[in-house]
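Data first, discussion second: the structure below is written as structure tokens.
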Amino acid sequence: MEQQKRGRKRLGKMKRYHNIMLRFNDAEYDKLKKICESYNLDISERGVISPLLRRLVLQQKTEEKDRLPNTSNLAYHINKIGNNINQLVKVAHHKNLRSPNSSLQNEIGKTNELLYALLEITREDKSG
């Protein structure tokens, strides 16, 4: 009669070396608790969550469209644009420190002159 080995079943090549720790906020934990209840599992028991999460994750099929886009390049360019805007604002504040509205009033005056000239041209075209 062969003697049965006691203790934990040997995993061999199936041994798990990689560890991932998850933290949940209250809302996420409540959702996880509902998922466990749907499988008739007690979330407070030791050794219940890991096999459930492993099964749920590993059963999913991966699709190319589900991958998140690489946003590091986009974030880099947005950061550069923000830096440029900050530099422009700093220069604008420095140049207009004594009279900040003077250049704005000059620009509004020039804009009004151009609008009046444009109105005169359109009136001449209609009458002529």
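The values are calculated or read from the model by the stated rules, or taken from the named source; none is laboratory data. Everything numeric here is computed off the predicted structure, so don't read it as measured data. Note that each Cβ is placed from the backbone with ideal geometry, even for glycine, and that neighbours are counted across all protein chains shown.
Considering segment 66-81 alone, what residues qualify as being modelled with pLDDT under 65 and either of a type in the set (Lys, Arg) or in contact with a strand residue (DSSP E or B) (Cβ under 6 Å, 6 or more places away or on another chain) (or both)? The answer is Arg67, and nothing else.
Scanning segment 44-60 for any residue that is at pLDDT below 80 and either closer than 26 Å to Arg16 by Cβ or surrounded by 10 or more Cβ atoms within 10 Å (Cβ to Cβ) (or both) turns up at least one such residue. Are any of the residues in segment 6-20 farther than 18 Å from Arg55 by Cβ, at pLDDT 90 or above and not aliphatic (A, V, I, L, M)? No, every residue in segment 6-20 fails to be farther than 18 Å from Arg55 by Cβ, at pLDDT 90 or above and not aliphatic (A, V, I, L, M). Note on segment 7-46: residues that are within 24 Å of the chain's Cα centre (by Cα) and aromatic (Phe, Trp, Tyr) amount to 2. Across segment 92-101, the qualifying residues are those that are exposed (fewer than 10 other Cβ atoms within 10 Å of the Cβ) and either in a helix (DSSP H, G or I) or basic (Lys, Arg) (or both), and the one among them that is modelled with the lowest pLDDT is Arg98.
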